[in-house]
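The values are calculated or read from the model by the stated rules, or taken from the named source; none is laboratory data. All figures in this text were calculated on a predicted structure; none of them were measured in a lab. Cβ placement follows ideal geometry from the backbone for every residue including glycine, while neighbour counts extend to all protein chains displayed. Ligands, DNA and RNA are excluded from the accessible area calculation, which covers all protein heavy atoms including side chains. Shrake-Rupley method; radii C 1.70, N 1.55, O 1.52, S 1.80 Å.
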Amino acid sequence: MEPLLSALVATTSDADSLLERAYAEALERTGDNDEVATRLLDAAYEQFSRMGIRRSTMEDVARRAGVSRITAYRRFATKDALVEQVVRREFRRYFDQFLLDIQRAETVADRVVLGFVSSLQAIRRNPLIGGLMNAEPDLVVPSVVGDGGRTHATVQRFVAGQLRSEQHAGTICAEVDVELVAELWTRLSASFLITPSAVVDLDDEEQLRDVARRFLVPMLDAPAA
């Protein structure tokens, strides 16, 4: 599996996914004070966005950052490690913005709509991740659909966890199967990202909001007896 997608599902010894770690960092408001590492991450982001991951080397990144190759390898032992940190930072940036935006959502329905719309548009508009889906679909798509379901499972666990928090807060009925709802939402979102739609315009924010209100929010209603 190529570095980008392996980074999406990479785990620590505690089995926390990259996505989950990025979310935890956003909640804790942790930062990175290493100026050289930040320069390398900025350079890698620009390099990967312009040239793609396959055609980029650690030497390219070091040159763009204005540091030596040895310095680059002291901060990031391998290209895979660098890619993981770049992708992790992009997720962190998304979560930072998401946590600000979600404060405006007054109801669970509003949070569902916001989450669906912002996640699709954040990925599609991201110069690195969205750009790779357009420029190197042979790298991204097969890894998402052919990695044994690990990428999907990572996102599904995150969504289910958010729904479980809503249940604990009493905003979702206890009888709702949050695991199944999260599964359906994740598959629907992945399908939109991977396969272009002739019916739903993913660049039309109001149309996406309408889809979420009409089809996703009703899944949170209590099941019939």
How would Arg88, Arg124 rank on accessible area, largest to smallest, probe 1.4 Å? Arg124, Arg88
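Any idea of the accessible area per residue across region 146-225, 1.4 Å probe, to the nearest Å²?
58
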Please report, as a whole percent, how much of the solvent-accessible surface of region 53-121 comes from carbon and sulfur atoms (probe radius 1.4 Å). 49
Difference of contour (0.36 nm per residue) and Cα-Cα distance, Asp80 to Arg104: 4.9 nm
When all protein chains stay in place, what accessible area (Å², nearest 10, 1.4 Å probe) is found for Ser191? 60
Here FRET efficiency (C-beta to C-beta, Thr195 to Ala153, R₀ 30 Å, nearest 0.05) is 0.90
